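Presented below is the structure to which this report refers.
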Ligand code: SAH
Ligand code: SF4
């Protein structure tokens, strides 16, 4: 059954043709499959495609397909909406509706794989929702993606706003996934303004959980840093960030802000981004910069929004 579900991607138990007819009938009655339906898709000029998927209860989520010459990556959601309420994020506006089930998380990968007509190689849990606030379902989905769909743990990235106790729990599980922590500010005062929820998780403690994660799993932690013009993008912030990360096995992923209608935040100039990057590098921090894709269809991570027009 796992082969039919996860390798063949059947849409109904009727399609599991090597099972006895009586069993298929029984399964159809008691364990009917529910798969999402892609009700809208918008393709960017660079090939990035954003899908609006309708779930079995009529709620909608978004998932993004990112085809590259050497791999196929998908950015998927873990919740319908999000309760964290970051000031800059489009998903925050609709509030939280519900957690996705493990099946709904996996379904996104299978559905986008069908659309791409190619095997998905990389999965980023960076769409709508906070994965560590839906940890049991997300863990179950990750294990099935690894065991049954065949996606290597090292090619799965989980992005979190930084729920410290859940990061400690993840470290205990010692999985080989990449942990990406959305930092966005080098001190508590500024971070609380951007992520009011972060008040519950002071940076000191969060950093110690990240250090523990890196030491236990021997995997470098990625710190995502959204650059917002005039808010957190000065060389002074970069220096403070370098000090904060000095003793952690990590790298920083700089993300220029994608402007969201109705929010006061702006994207920094190219020069501000380069200056920020230089300070980090001069202080021995490894930096990558997110390649901006799918901007014309608002498919950038964090721009996904329920009932998007
Ligand atoms: N809840 C998780 C994962 C989903 S958000 C988290 O916060 O990490 C994925 C990433 O997109 C986060 O780093 C988030 O801060 C970022 N993001 C949110 N809104 C954005 C925007 N408008 N432009 C660029 N990145 C954004
Ligand atoms: Fe939720 Fe992440 Fe958006 Fe914050 S950035 S509101 S945690 S989805």
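The values are calculated or read from the model by the stated rules, or taken from the named source; none is laboratory data. As the structure is a computational prediction, the values presented were derived from the model and not from experiment. Heads up, the Cβs are rebuilt from the backbone with ideal geometry, glycines too, and the neighbour counts pull from every protein chain shown.
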Restricting attention to region 120-159, report how many residues are assigned to a loop (DSSP other than H, G, I, E, B) and touching a strand residue (DSSP E or B) at 6+ places or on another chain (Cβ under 8 Å). 9
Do you know which residues across region 64-79 are crowded, with 22+ Cβ neighbours inside 10 Å and in a strand (DSSP E or B)? 64, 65, 66, 74, 75, 76, 79
Filter result for residue 106 (within 16 Å of ligand 1 (Cβ to nearest atom) and either in contact with a helix residue (DSSP H, G or I) (Cβ under 9 Å, 6 or more places away or on another chain) or touching a residue at least 24 places away in the same chain (Cβ under 8 Å) (or both)): no
Hey, residue 199 surrounded by fewer than 23 Cβ atoms within 10 Å (Cβ to Cβ) and in contact with a strand residue (DSSP E or B) (Cβ under 7 Å, 6 or more places away or on another chain) or not: no
For region 182-196, indicate whether the set of residues that are assigned to a strand (DSSP E or B), within 23 Å of residue 223 (Cβ to Cβ) and within 13 Å of ligand 1 (Cβ to nearest atom) is non-empty. yes
Against the conditions (1) farther than 19 Å from residue 125 by Cα; (2) within 13 Å of ligand 1 (Cβ to nearest atom); (3) without any contact (Cβ under 8 Å) to a residue 60 or more places away in the chain, where does residue 228 fall short? Just the number, please. (3)
Looking at the structure I just gave you, is residue 95 closer than 21 Å to residue 137 by Cα, within 17 Å of the chain's Cα centre (by Cα), in the same structural domain as residue 144 (by TED's automatic domain parsing) and surrounded by fewer than 21 Cβ atoms within 10 Å (Cβ to Cβ)? no
Specify the residue that is nearest to ligand 2 (Cβ to nearest atom); the eligible residues are those in region 146-164 that are touching a helix residue (DSSP H, G or I) at 6+ places or on another chain (Cβ under 9 Å) and either at positive phi or in contact (Cβ under 8 Å) with a residue 40 or more places away in the chain (or both). 161
Return the total of residues in region 160-179 being more than 14 Å from residue 130 (Cβ to Cβ) and part of a helix (DSSP H, G or I). 5
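Rundown of residues vs (1) touching a residue at least 24 places away in the same chain (Cβ under 8 Å); (2) part of a strand (DSSP E or B), yes/no style:
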site	(1), (2)
29	no, no
46	yes, no
57	no, no
62	yes, yes
83	yes, no
89	yes, no
When (1) at negative phi; (2) surrounded by 14 or more Cβ atoms within 10 Å (Cβ to Cβ); (3) in contact with a helix residue (DSSP H, G or I) (Cβ under 7 Å, 6 or more places away or on another chain) are applied to residue 19, the one that fails is (3)
